[in-house]
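Here, each number is a calculation from the coordinates, and none is a lab measurement. If you're wondering where the values come from, they're calculated on a predicted model, not measured in any experiment. Every residue, glycine as well, gets a Cβ built from its backbone with ideal geometry; the counts of neighbours run over all protein chains shown.
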Amino acid sequence: MTGGIRRGPALAVLIVASVVLVGTMVIAGVGFGSGGVPWGPGAPMMGGFAATGQGPVSTIGEAEVAARRVADQWGLRVGEVMQFDNGYYVQLDKPDGSAATELLIDPITGTAQIEWGPAMMWNSESGMRGGSSGPAVVSPDRAIELANDWLSTNRPGDTADDVVSFPGYYTMHTVRDGKIDGMLSVNATTGAVWYHTWHGRFLGEEE
């Protein structure tokens, strides 16, 4: 399922904030894909966290192509691709099938960047603080419990589903009336919950 993209003022503010953040941070914690190909903050991307696009992206298939340009550089694979009002979300996986990190694809420029929020701040292998996170003491089942506790207070009617384990944190869908309503992440060390406010309305997905 695909649909048109609507970009609101909130997304513009987030993009500006992300650019400022990337321009001022200290790069650390480079991971490696298959064959010793670097991936993460030190990989060959614009500013270490984004790769310049090649024009507008209007379908999930085109978003997958944009994401594959990044995944191939890092020795990773494109996993789940989701379309929202404000752009595309892509899960990148390691060759062994485990989840590596998350991307956002800008629908206007096709630019691919590490997703802001948990992927930048909590990923213990490729985030801004790569390698500095504590031990993962929160299990996937406990992460779902923490997510549902947060949702019951902040988004009544939503429940957590389909948990994916990333290095240092978990990401899962939120579901309302049997349909995907959004996404959130839970820190595997602290149990903190981070709702993905930047996506907008869910439109469709492909594995």
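Per-structure values
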{"item": "The stretch 70-155: relative contact order in percent, alpha carbon pairs under 8 Å with at least 6 residues between", "result": "14 percent"}
{"item": "Taking the stretch 134-198 and dividing mean pair separation by its residue count, relative contact order in percent (alpha carbons under 8 Å, at least six apart)", "result": "32 percent"}
{"item": "Descending semi-axes in Å of the stretch 134-198, equivalent ellipsoid built from Cα gyration tensor", "result": "19, 11, 10"}
{"item": "Pairwise FRET efficiency - ARG142 versus LYS179, Cβ, R0 = 22 Å, nearest 0.05", "result": "0.30"}
{"item": "Largest-first principal axis extents, alpha carbons of the stretch 56-207, Å", "result": "38, 37, 23"}
{"item": "Simple Cβ-charge dipole of the stretch 134-198, Lys/Arg +1 and Asp/Glu -1, about Cα centre, in debye nearest 20", "result": "140 debye"}
{"item": "Efficiency of FRET between SER165 and ASP72 - r from beta-carbon atoms, R0 25 angstrom, step 0.05", "result": "0.60"}
